[in-house]
Amino acid sequence: MSGGSLVEEARRRSGLTQSELARRLGVPQSTVARWETRRTAPSFESVLRAVRACELDLSLRVVERDEELMHLIGVSAGMTPAAR
């Protein structure tokens with residue numbers, strides 16, 4: 001998931017428009033639009049600020065990588081939904 005998609009999800013969950021979120025962040029609306037359309041990638045700090053401006057929070061964890069799970073995800077990603 002990209003930083004822009006996290007910003008978009010938070011904004012939509014909070015019921016804000018791009019303009020309203022931009023106003024809360026003190027940035028132009030076009031900045032939020034560029035993030036959400038993936039034309040530019042917001043920094044981690046910008047994503048966190050945007051999520052919090054939506055009155056939400058971002059939860060992250062660092063976990064051990066599971067190579068078997070990564071393989072299964074790769075295999076199933078190439079399958080049709082019916083085949084999964």
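Quick notes on this structure:
- Rounded to 10°, Cα long-axis angle of helix 3-14 versus longest principal axis of the chain: 70 degrees
- Per-residue HN-Hα couplings for region 22-32 [Karplus 6.51, -1.76, 1.60; θ = phi - 60°; Hz; x = Gly/Pro]: 4, 4, 5, 8, x, 10, x, 4, 5, 5, 4
- Dipole-positive endmost among SER19, VAL32, VAL62 within the chain (Cβ charges, Cα centre): SER19
- Per-residue ³J(HN,Hα) for region 62-69, Karplus 6.51 cos²θ - 1.76 cosθ + 1.60, θ = phi - 60°, Hz, x for Gly and Pro: 9, 10, 5, 6, 9, 4, 5, 5
- Here the Karplus curve 6.51 cos²θ - 1.76 cosθ + 1.60, taken at θ = phi - 60°, turns the phi angles of region 35-42 into couplings of 4, 5, 8, 6, 6, 9, 9, x Hz, with x standing for Gly and Pro.
- Rounded to the nearest 500, the helix-only mean residue ellipticity at 222 nm of the chain stands at -17000 deg cm²/dmol, with each DSSP H run of n ≥ 4 adding -39,500 (n - 2.57).
- Share of carbon and sulfur in the accessible area of the chain stands at 53%, probe radius 1.4 Å.
The values are calculated or read from the model by the stated rules, or taken from the named source; none is laboratory data. The structure displayed is predicted, hence computed values, not measured ones. Because the Cβ atoms are built from the backbone with ideal geometry, glycine has one as well, and the counts that use them run over all protein chains shown. Just so you know, the surface numbers come from the protein's heavy atoms only, side chains and all, with ligands and any DNA or RNA stripped out. Shrake-Rupley method; radii C 1.70, N 1.55, O 1.52, S 1.80 Å.
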